[in-house]
1. What's the longest bit of chain A with no exposed GluC sites (Glu not before Pro), using DSSP loop states and at most 15 other Cβ atoms within 10 Å as the test?
2. What number comes out for the charge environment of residue B:96, summing +1 per Lys or Arg and -1 per Asp or Glu over other residues with Cβ under 12 Å away?
3. Under 10 Å, Cα contacts only: if you run a Gaussian network model on chain B, which one of B:89, B:19, B:98 comes out with the highest mean-square fluctuation?
4. On a straight-distance basis, which lysines could pair with residue A:36 in a cross-link, Cα separation under 21 angstrom, same-chain partners fewer than 8 positions away excluded?
5. Report the local net charge at residue B:68: Lys and Arg +1, Asp and Glu -1, summed over other residues whose C-beta lies under 10 Å from its C-beta.
6. Take chain B, connect every pair of alpha-carbon atoms lying under 10 Å apart with a spring to form a Gaussian network, then pick out the residue of B:63, B:28, B:51 with the largest mean-square fluctuation.
7. Among the trypsin sites (Lys or Arg not before Pro) in segment A:15-96, which ones are in a DSSP loop with at most 12 other Cβ atoms within 10 Å of the Cβ? Mind listing them?
8. Could I have the simple spin-label model distance between residue A:52 and residue A:77, label points 7 Å from Cα toward Cβ, reported in nm to one decimal?
Amino acid sequence: DTAVSQTPKYLVTQMGNDKSIKCEQNLGHDTMYWYKQDSKKFLKIMFSYNNKELIINETVPNRFSPKSPDKAHLNLHINSLELGDSAVYFCASSPTTPSEQASGEQYFGPGTRLTVT
Amino acid sequence: AQKVTQAQTEISVVEKEDVTLDCVYETRDTTYYLFWYKQPPSGELVFLIRRNSFDEQNEISGRYSWNFQKSTSSFNFTITASQVVDSAVYFCALSEGVSWGKLQFGAGTQVVVTP
């Protein structure tokens with residue numbers, strides 16, 4: 001019973017390609033996130049959705065487009081992949097609500113290691 | 001600007017030694033939350049603890065303990081009697097009041113426990 005799952009776990013692709021990473025959570029949470037972990041292990045938020053609505057959109061190239069078909073799913077599509085996109089991408093979910101925005105602990109998926117060659 | 005500072009890049013200890021990981025944060029919000037996450041070599045991120053800004057009580061969970069001091073903006077983490085399985089990268093993170101839970105992570109501290 002995986003709480004937050006991501007597919008694929010590994011993704012190797014060439015520069016210029018378009019790829020997607022899928023995320024699903026079965027925790028019943030309303031809020032989901034995408035984080036990027038670079039080669040130095042630094043973690044930075046990219047996007048967040050609450051009930052299918054985009055609520056956080058950090059300074060991310062517009063080649064990255066998140067999509068939330070329902071509150072249990074948050075996918076990440078990347079166009080025209082570049083070498084610098086190589087990283088581990090983590091999806092997370094949280095019970096965060098509008099009235100308690102900061103409080104919910106986030107549960108992370110296993111990560112997707114993207115390698116762009 | 002970095003809001004969470006973990007000054008220790010790597011700490012190496014021998015099994016059964018205690019290890020303390022430092023975390024200093026910066027915020028102007030009066031309501032905020034602090035977190036610690038563990039990332040073992042397998043790569044997943046494991047939630048360890050959440051502490052809100054109004055609760056300065058220290059917490060102990062097994063061999064883990066946390067010391068939250070608002071006066072010094074610190075939220076330090078101690079592993080007592082370390083074990084090889086504690087080898088991991090540990091991240092401190094801050095979520096500010098009206099941020100939709102946006103976690104701002106420190107750079108992480110690599111803990112290496114040798115037998």
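Each reported figure results from applying straightforward, stated rules to the coordinates on display, with no laboratory input. All values derive from a computational prediction rather than experimental measurement. Note: ideal-geometry Cβ built from the backbone for every residue, glycine included; neighbour counts use all protein chains shown.
1. A:1-57
2. +1
3. B:98
4. A:9, A:19, A:22, A:44, A:52, A:67, A:71, B:3, B:38, B:102
5. With Lys, Arg at +1 and Asp, Glu at -1, the net is -1.
6. B:28
7. Answer in residue order: A:40.
8. Distance between label points: 1.6 nm.
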